[in-house]
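Accompanying notes for the structure given below.
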Amino acid sequence: MDELHKHSVAELAALLKSKKVSAVEVATRFLARLGGNPHNAFLDINSEVTLAQARESDAKLAAGTAGPLEGVPIAHKDVFVTKDLATTAGSRMLSGYRSPFDATVVARLRQAGMVTLGKLNCDEFAMGSANENSAYGAVSNPWNTAHVPGGSSGGSAAAVAARLTPAATGTDTGGSIRQPAAFCGITGIKPTYGRASRYGMVAYASSLDQAGPMARSAEDCALLLSAMCGPDLDRDSTSLDVVAEDFSRDLLRPLARAGKDGGALKIGVPRGWLSELRDDVSAQFSDQLQSVSPLADMRIMSGVQELMRQGAKLIEIDLPNTALAIPVYYIVACAEASSNLSRFDGVKFGHRAADFADLTDMYKKSRAEGFGQEVKRRIMTGAYVLSHGYYDAYYLQAQKIRRMIADDFQSAFAQCDVIAGPVAPTTAWKLGDKADDPVASYLADIFTLPASLAGLPCMSLPVGLGEGGMPVGLQLIGNYLQEAKLLNVAHQYQLATAHHQQQPGAAA
Amino acid sequence: MSAKLVQGYEVVIGFETHAQLSTQSKIFSRAPTAFGAEPNTQACAVDLALPGTLPVMNLGAVERAIELGLALGSHIAERSIFARKNYFYPDLPKGYQISQFEIPVVQGGEVIFMLGDEKKTVRLVRAHLEEDAGKSLHEDFIGQSGIDLNRAGTPLLEIVTEPDMRSSDEAVAYAKKLHEIVTWIGICDGNMQEGSFRCDANVSVRKPGAALGTRREIKNLNSFKFMQQAIDYEVRWQIEEIEEGREIQQATVLFNPDTGETRAMRTKEDAADYRYFPDPDLPPLVIGRDWVERVRSEMVELPWVMAARFVRDYGLPEYDAATLTQSMAMAAYFEETAKACGQPKLASNWIMGEVSRRLNSSDMAFARLLVTTTQLAALIGRIADGTISNNAAKQVFDALWSDGGDVDAIIEAKGLKQMNDSSALEAIIDDVLAANAKNVEEYKAGNVKAFNALVGQAMKASKGKANPAQVNELLKNKLS
């Protein structure tokens with residue numbers, strides 16, 4: 001029973017289904033691990049709520065009406081609104097806020113039988129790459145508590161890595177699932193934009209925000225993603241009108257037959273993204289790219305080589321506008337954020353300043369007190385790029401380049417089935433290292449931003465340890481709606497390797 | 001076009017009208033739109049802009065926009081874009097209003113109407129969909145303001161014209177025509193007191209032939225009377241300013257009905273930067289030809305189409321047809337009556353005359369008329385077959401108006417039947433001729449008025465029951 005927390009989602013679901021363990025036992029075991037809030041990963045825990053759900057699940061398991069993941073615990077990033085637990089989005093602005101409804105993703109996972117363990121720390125309004133921007137304190141990396149867990153879904157990644165929960169939800173706007181998954185040595189996937197409903201997700205950048213699962217393996221991610229996705233046309237106009245899929249269906253396909261035409265899988269690696277592929281041809285691009293730290297670079301290349309060993313073919317592709325993804329992303333995301341966060345004005349909900357002279361003063365003080373530095377920085381950036389006289393030069397230009405970046409991917413996918421590359425240029429840095437240098441942390445988003453801007457499905461899976469003994473992630477990017485293909489490739493890798501089973505000492 | 005000048009200045013007016021669309025639910029949420037509910041009882045999580053909520057387009061609002069576009073000969077954009085207009089105000093829950101900015105759903109078109117005997121055309125620039133804001137309540141909250149979000153998210157169609165109007169008369173005639181059209185096609189209830197149809201008038205003046213003057217926008221004109229007063233005042237004010245050597249500053253002004261004056265709310269210098277950008281929560285609104293055609297096929301007959309049909313099928317003069325098609329209720333009333341009695345011109349006369357007069361004097365709408373078309377048709381039938389005179393018919397109508405009942409029974413009860421028996425009438429006429437020898441003489445001497453006096457005497461003697469045509473004929477015979 002003490003080892004319950006070491007089981008994967010798939011294993012727990014099987015144990016529960018075969019009644020070898022009850023949902024209440026599982027919940028109790030995980031709740032016991034949350035005492036003292038390790039890594040500051042959780043923002044809200046309510047054992048009564050969790051146990052009530054677990055009892056419900058046990059009843060369904062007994063009655064034979066169980067969902068596919070009945071009784072398996074999950075914790076939610078604090079940007080998903082929940083009825084039974086507070087939702088703060090990591091901000092003082094929403095301290096103690098209680099939503100009258102559950103996010104669609106939360107409701108769907110509950111419907112599949114999952115039991116909510118609590119709400120997870122994150123960067124304020126999902127803005128950040130290190131989880132240092134939370135109003136409720138930074139999250140530490142279970143592999144080395146002096147290091148950041150990545151962000152913005154840092155609490156989710158740390159909690160899964162430390163085996164505080166078998167699974168977590170995350171959201172990814174510019175890399176917020178993939179980068180913390182890489183930094184914490186777990187597996188996470190961001191589906192195609194529109195696959196998962198955004199209803200009930202506190203909005204950061206509407207055209208980019210997308211929910212996804214974070215767990216220990218591709219197999220678990222496939223189970224979770226199948227439960228999360230599906231059209232939600234009555235609540236989210238950007239929800240895709242495509243039927244829910246079983247994302248586990250292709251997990252077992254060998255890579256030698258996983259290509260488009262049933263032939264070998266073709267893996268495209270963008271020129272300049274990895275050192276081995278930095279030839280003369282790619283020099284013009286590589287100059288603009290931050291190079292990946294040597295050990296991480298080597299791990300990623302080994303990961304690609306493992307896929308080749310299994311029969312995949314490597315081809316070089318070009319994503320010539322990669323470097324432009326950074327300014328484009330920070331224009332588009334900030335523009336949308338500046339507008340999305342206008343509703344936090346102290347009038348209807350959220351923080352309101354205690355003293356103010358008049359309406360304008362109330363707005364100013366409430367927002368000055370409620371928002372943290374990084375949120376203010378992005379609101380100001382966004383308001384600036386949308387201002388009269390600057391809109392064409394920044395926002396419109398960014399939209400044009402965003403289209404070019406998406407087009408680059410389509411040219412690439414004409415030649416390959418999936419794209420492989422780094423998630424981040426380094427392993428997790430030390431807490432505080434980039435806290436005062438926002439631009440340095442923006443630049444580290446270089447490899448995750450292009451797929452976000454294009455709305456493509458993409459994931460991160462662990463491929464070993466890099467500098468400082470910290471985990472390294474391999475990024476896989478697929479064409480639209482090709483999540484099953486990504487999970488297929490990742491699962492085949494994980495069948496042959498054990499990197500995803502490595503765990504930090506803290507997880508014992 | 002004959003431009004009417006005011007003190008040597010040409011008046012230039014353009015309109016922006018907010019028509020509240022007659023959908024059951026809001027434009028981006030499922031909350032109801034009914035007017036007059038307790039504050040904040042008709043606002044859902046989406047209207048309150050709670051974290052995590054998203055807008056979903058109400059297709060009923062889109063269909064109403066398509067209907068207006070079809071009615072006015074506009075282009076219906078196959079792809080239009082919703083944008084966010086960002087500003088802070090307590091009654092704007094999201095901190096931005098969702099509206100259409102660069103690419104509206106309805107583009108171009110025109111409103112054609114009569115100003116006196118002159119046909120006028122006002123061109124539309126566009127009509128776009130947007131959401132209304134809530135209301136700030138500044139009374140009854142000692143020291144604080146209350147916010148009622150019932151109206152937040154109510155669907156509006158903002159209808160924008162070119163600066164084509166040249167007088168307050170023309171502006172009011174345009175607004176009345178537009179009001180008639182939106183209520184006729186049923187996309188708006190047209191209730192101006194409740195704010196369902198609000199007009200903003202952009203007014204400027206210039207010397208004939210000069211470039212457009214600087215305009216001031218009079219906001220929220222919610223009655224035709226105030227509209228006229230406000231524009232007239234504004235025109236006089238602007239001319240006075242210019243005559244006294246001052247320049248007009250672009251401004252937004254409010255009309256105060258108590259003082260009859262307009263006053264500036266804000267000038268251009270205060271104009272906010274709304275930081276418009278396409279709303280990433282709403283994909284482009286795509287309207288396929290098949291959707292447009294379906295809406296077209298389900299649309300009611302337009303008033304000018306119906307008027308042309310009245311001329312063609314019922315032989316009505318154009319004036320009658322245009323008057324009868326000012327409201328759907330009136331047109332329908334006419335058509336039913338005309339069909340039932342087979343006397344379209346008589347029906348038209350009665351409806352435009354007696355019926356309208358009675359409705360106007362009791363300030364009632366056509367829809368509330370209690371005299372049925374069957375009753376009116378029966379009445380007209382009795383005039384046509386000579387049973388009663390026109391005057392007697394008015395008495396019957398009075399009875400129908402106040403008490404209802406059967407037309408023939410009323411005629412009987414009131415003894416209004418015309419005397420069509422020629423021998424009885426001849427006896428009366430003989431008596432009249434004998435008693436009015438002077439008139440007879442005068443008539444024979446060529447005085448036509450004397451003949452009319454004789455007719456009057458005969459009618460009087462018959463107690464109004466004689467058929468005037470018959471009296472005329474008999475008299476002429478006797479005097480010839």
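The table below lists the values:
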{"quantity": "The stretch B:293-335, subset touching a residue at least 60 places away in the same chain (Cβ under 8 Å) and part of a helix (DSSP H, G or I), residue nearest to B:ALA378 (Cα to Cα)", "calculated": "B:MET328"}
{"quantity": "Filtered residues of the stretch A:335-353 (kept if surrounded by 24 or more Cβ atoms within 10 Å (Cβ to Cβ) and more than 9 Å from chain B (Cβ to nearest Cβ))", "calculated": "A:ALA337"}
{"quantity": "Residues satisfying the stated conditions in the stretch B:280-292, i.e. assigned to a loop (DSSP other than H, G, I, E, B) and either among the β-branched types (Val, Ile, Thr) or more than 8 Å from chain A (Cβ to nearest Cβ) (or both)", "calculated": "B:PRO284, B:ILE287, B:GLY288"}
{"quantity": "A:ALA130 being surrounded by fewer than 23 Cβ atoms within 10 Å (Cβ to Cβ) and either at pLDDT 95 or above or within 14 Å of another protein chain (Cβ to nearest Cβ) (or both)", "calculated": "no"}
{"quantity": "Members of the stretch B:122-149 found to be in contact with a Lys or Arg (Cβ under 6 Å, 6 or more places away or on another chain) and within 30 Å of B:ASP169 (Cα to Cα), listed by number", "calculated": "B:ASP132"}
{"quantity": "Lone unmet requirement of (1) buried (at least 18 other Cβ atoms within 10 Å of the Cβ); (2) assigned by TED's automatic domain parsing to the domain that holds B:LEU369 for B:SER402", "calculated": "(1)"}
{"quantity": "Of the criteria (1) within 26 Å of B:THR387 (Cβ to Cβ); (2) without any contact (Cβ under 8 Å) to a residue 12 or more places away in the chain; (3) of a type in the set (Asp, Glu), which one B:GLU441 fails", "calculated": "(1)"}
{"quantity": "Any hit, the stretch B:180-198, residues being in contact (Cβ under 8 Å) with a residue 24 or more places away in the chain, in contact with a helix residue (DSSP H, G or I) (Cβ under 7 Å, 6 or more places away or on another chain), closer than 24 Å to B:THR259 by Cα and not assigned by TED's automatic domain parsing to the domain that holds B:ALA365", "calculated": "yes"}
{"quantity": "So B:ALA338, is it out of contact with any Cys (no Cβ under 9 Å at 6 or more places or on another chain), assigned to a helix (DSSP H, G or I), small (Gly, Ala, Ser) and more than 21 Å from B:ILE181 (Cβ to Cβ)", "calculated": "yes"}
{"quantity": "Every residue from the stretch B:232-279 that is part of a loop (DSSP other than H, G, I, E, B) and within 14 Å of another protein chain (Cβ to nearest Cβ)", "calculated": "B:ALA271, B:ALA272, B:ASP273, B:TYR274, B:ARG275, B:TYR276, B:ASP279"}
{"quantity": "Members of the stretch A:153-180 that are in contact with a Pro (Cβ under 9 Å, 6 or more places away or on another chain) and more than 16 Å from A:MET228 (Cβ to Cβ)", "calculated": "A:GLY154, A:GLY155, A:ALA157, A:ALA158, A:ALA159, A:ALA161, A:ALA162, A:ARG163, A:LEU164, A:PRO180"}
{"quantity": "Check on A:ASP236, more than 14 Å from chain B (Cβ to nearest Cβ) and part of a loop (DSSP other than H, G, I, E, B)", "calculated": "no"}
{"quantity": "Enumerated helices (runs of 4 or more DSSP H) restricted to the stretch A:384-485, each holding at least 1 residues that are at pLDDT 95 or above, among the acidic types (Asp, Glu) and closer than 30 Å to A:ARG249 by Cβ", "calculated": "A:397-413"}
{"quantity": "Failed item, numbered, when A:THR88 is tested on (1) under 30 Å from A:LEU15 (Cβ atoms); (2) part of a loop (DSSP other than H, G, I, E, B)", "calculated": "(1)"}
{"quantity": "Residue list for the stretch B:298-328, filter: farther than 24 Å from B:ARG64 by Cβ and among the β-branched types (Val, Ile, Thr)", "calculated": "B:VAL311, B:THR323"}
{"quantity": "Subset of the stretch B:24-76 [surrounded by fewer than 16 Cβ atoms within 10 Å (Cβ to Cβ) and within 14 Å of chain A (Cβ to nearest Cβ)]", "calculated": "B:ARG30, B:PRO39, B:ASN40, B:LEU59"}
{"quantity": "Residue count, the stretch A:13-46 (criterion: in contact (Cβ under 8 Å) with a residue 12 or more places away in the chain and either closer than 19 Å to A:ALA227 by Cβ or surrounded by fewer than 16 Cβ atoms within 10 Å (Cβ to Cβ) (or both))", "calculated": "8"}
{"quantity": "Test: B:PHE101 is within 14 Å of another protein chain (Cβ to nearest Cβ) and at pLDDT 90 or above", "calculated": "yes"}
{"quantity": "Leading residue by the ranking (nearest to the other protein chains (Cβ to nearest Cβ)) among those in the stretch A:252-265 that are within 21 Å of A:ALA218 (Cα to Cα) and surrounded by fewer than 21 Cβ atoms within 10 Å (Cβ to Cβ)", "calculated": "A:LYS260"}
{"quantity": "Single condition A:LYS313 does not satisfy, out of (1) away from every other protein chain (no Cβ under 14 Å); (2) within 24 Å of the chain's Cα centre (by Cα)", "calculated": "(2)"}
{"quantity": "Residue match in the stretch A:117-125 (condition: within 12 Å of chain B (Cβ to nearest Cβ) and either of a type in the set (S, T, N, Q) or surrounded by 24 or more Cβ atoms within 10 Å (Cβ to Cβ) (or both))", "calculated": "yes"}
{"quantity": "Evaluation of A:TYR199 against (1) within 14 Å of another protein chain (Cβ to nearest Cβ); (2) in a strand (DSSP E or B); (3) not small (Gly, Ala, Ser) (one fails), failing number", "calculated": "(2)"}
{"quantity": "Search result, residues across the stretch A:354-376 that are buried (at least 16 other Cβ atoms within 10 Å of the Cβ) and more than 21 Å from B:LEU50 (Cα to Cα)", "calculated": "A:GLU374"}
{"quantity": "Among (1) over 20 Å from A:SER99 (Cα atoms); (2) within 14 Å of another protein chain (Cβ to nearest Cβ); (3) in a loop (DSSP other than H, G, I, E, B), the one test that A:PRO320 misses", "calculated": "(2)"}
{"quantity": "Residue satisfying condition, being under 30 Å from B:GLN20 (Cα atoms) and either of a type in the set (D, E, K, R) or touching a helix residue (DSSP H, G or I) at 6+ places or on another chain (Cβ under 7 Å) (or both), within set B:ARG236, B:ARG215", "calculated": "B:ARG215"}
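So that you can scan it fast, the table gives a plain yes or no per residue for (1) among the basic types (Lys, Arg); (2) farther than 22 Å from A:GLN475 by Cβ; (3) touching a Gly at 6+ places or on another chain (Cβ under 6 Å):
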| residue | (1), (2), (3) |
| --- | --- |
| A:GLN399 | no, yes, no |
| A:THR427 | no, no, yes |
| A:GLY432 | no, yes, no |
| A:ILE446 | no, no, no |
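The values are calculated or read from the model by the stated rules, or taken from the named source; none is laboratory data. Because the structure is predicted, anything quoted here is derived from the model rather than measured. Cβ atoms come from the backbone with ideal geometry, glycine included; neighbour counts cover every protein chain shown.
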